[in-house]
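Structure record follows, encoded as structure tokens.
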Amino acid sequence: MSARSRSRPSVPPTHRAVLAAVASLAVALAVAPATASAAPSDQPGGTSGVLDSRDLDRLQEKAAEVQDDLRAQQDEVVAAREELAEAQRAVEEARAVLADKQGELSVHQEAVAGYASAVYRDGGALSRLTVLLGSGDPGDVLSAMGFLDAVDSHAAKVITVAETYRRAALDEQQRAQAVLDRAAARADEVSARVAELEAAADAVTAELDEALDVVDGQLSQLQAEQVDVNERTAANWRAYVDQLAAAGLAATPAAELRTPERGLPGALVPVAASGGGAQAGAAQQPAQPSSVLVLPAETLTAVSAAMEALGRPYAPGTAGPDSWDCGSLVRSVYGRAGIPLPGTQGELFATTAPVAAADVLPGDLVFLGTPESGLGHVGIALDPRTMLAADGRAGAVVVRTLPGDQVLGIGRPSLPARAAVAVPEPADGALRVECGNTVYPPSYDGARAWGGYPNGLIPPSAMCPLGPAGHNLRCDAAAAYRAMSQAYAATFGGPICITDSYRTYGSQVRLYGEKPALAAVPGTSNHGWGLAVDLCGGIERFGTPQYAWMVANAGRFGFLHPTWADPGNGREEPWHWEYAGT
């Protein structure tokens, strides 16, 4: 059965050599159950995978260059559009003023025309001659001539002033139109530049998609093999526990195995320590052809619980049941066994009782790191060669090989905690590593922030469905979304309506081409990390019962409405919600 045909959340996403590992439980003087046949990998998500190839690095660098150009160009797009809009407003205002002045001139012209028409109706054009000939009183003649001069002078002034204003308004309109023409030309130049960048992004996208198809095919195969390894590992562990139970040894409490020098229960004998003497916290039952390793009941419970988490997604800051980080997984499974532990890799290192690396037993905690980066991971040993961990590079709870050159220490949770010691920290400016994954500063562009996958270039096999056709998110976010949708349906009678989820790099490029002033620059959208959704069905409007439900309940499932999308913050998007973890 292929990985895609299995139910989600299923197999862990990774992009290195086969994540096959063996839970052989082989320790000195101990009988090992049957092992898986595949050879274990050095580390999930290492440098030999296709996604870390030089060809893909080159393509990603090219995409990043286009992305930077688009980001810089976006400011110009916004500025050019604002300039164009302002120029258009100025032209409209100038046209309105011109129309007003043209109206005033028309009114005055109509008044003069009416005056002329009245004179015409009364016997012809009024002039000094008609006044002289039509009047018998010299005083009336002089008075009428003075009135005529006043009327002519006033009419001339009124029309002249109105025409002056009209011409000024016309000049202003022409100046505004010239500004508008320049702004339009500027906008055309910016649009042409954006079109060139979009074409470059399209070209890069085509190459990236082709490489991604290859990666996705390989990933599907790796996932199928990992499922087989997970099943073999769990079966081997169950067989070992059953063997102990059949011998009546599965319920031995940790307290009875902590001081072997003072005696052990029944016929048990100590397990030799590499430095001489006996190991605390374990025993063995002599048998032929090999002795049987006896672990505390608490350790058996914890490791069995960890086996149940195999294949679940890794997500920083989460603590199950749908996703885990490395520290929270250790804390949870040992908590189920009645052993309280802290929940971070640093606290676990600082307080867990240490044992020699050569004495590692199943259930021990393995701390990985380097002198440069300090402590960077914690997992649960299955034997001297393998460990089970929520792995940031694999993106899931996996069984992986123990890199011998990176083991900083071994801790045994079944022994009493030690006084806290210093935790190895990064040196010389090295970046911190958490659960096997490098933690980049907030200013970092995030090109490899999730499992080694670039934004918008996550293989489909590494995603999980939300339910509605075609919608996917990172697996932990998908599990949280499905739970949230079920809770929503209990109130509104149906699941959450969704319009958008994970966006490929190519779809980001297309959306940017349609909305360059609004859409995120390709390669920067949270949709491209598989961590954002756009919702509908009432949620897309502020103040609706559906939106109010999201505000009140989404946080319980790890989703939030980002501040920039809230009312009054410039980009109001009630429909946009992001997964921030639980």
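Here are a few things to note about the model shown:
- FRET efficiency for D405 and A267, using Cβ-Cβ distance with R0 set to 45 Å, rounded to 0.05: 0.70
- Segment 310-443, relative contact order in percent, only Cα pairs under 8 angstrom and at least six apart counted: 29 percent
- Rounded to the nearest whole Hz, the Karplus-based 3J(HN,Hα) values (6.51 cos²θ - 1.76 cosθ + 1.60, θ = phi - 60°) of segment 233-242 follow the sequence 4, 5, 5, 4, 5, 4, 5, 5, 4, 4, with x at glycine and proline.
- Compared with the direct C-alpha span, the chain from R238 to A490 gains 86.9 nm at full extension, assuming 0.36 nm per residue.
- A simple rule links phi to the HN-Hα coupling: the Karplus curve 6.51 cos²θ - 1.76 cosθ + 1.60 with θ = phi - 60°, which for segment 245-253 gives 5, 4, 8, x, 10, 7, 10, 5, x Hz, with x for Gly and Pro.
- Ranking C497, C464 by solvent-accessible area of protein heavy atoms (1.4 Å probe, all protein chains present), from largest to smallest, gives C497, C464.
- For segment 257-373, size of Cβ-based charge dipole, Lys and Arg +1, Asp and Glu -1, in debye: 280 debye
- Heavy-atom accessible area per residue - segment 305-344, 1.4 Å, Å²: 37 Å²
- For T164 and A192, the FRET efficiency from 1/(1 + (r/R0)^6), where r spans their Cβ atoms and R0 equals 56 Å, is about 0.85.
- Between the amide H of W324 and those of Y314, A315, distances stay under 5 Å, these residues lying 5 or more places away or on another chain, with hydrogens modeled in the peptide plane.
- Contour excess over end-to-end distance, with Cα ends at R385 and A420 and 0.36 nm allotted per residue: 9.9 nm
- Within the accessible area of segment 220-357 (1.4 Å probe), percent carbon and sulfur: 53 percent
- A simple spin-label model places the labels of A552 and E92 4.2 nm from each other, with each point 7 Å out along Cα-to-Cβ.
- Computed from the C-beta positions of A85 and A319, the FRET efficiency with R₀ = 45 Å rounds to 0.35.
The values are calculated or read from the model by the stated rules, or taken from the named source; none is laboratory data. Quick caveat: nothing in here was measured; it's all calculated off a predicted structure. Every residue, glycine among them, receives a Cβ derived from its backbone with ideal geometry; neighbour counts consider all protein chains shown. All accessible areas refer to the heavy atoms of the entire protein, side chains included, with ligands and DNA or RNA removed. Shrake-Rupley method; radii C 1.70, N 1.55, O 1.52, S 1.80 Å.
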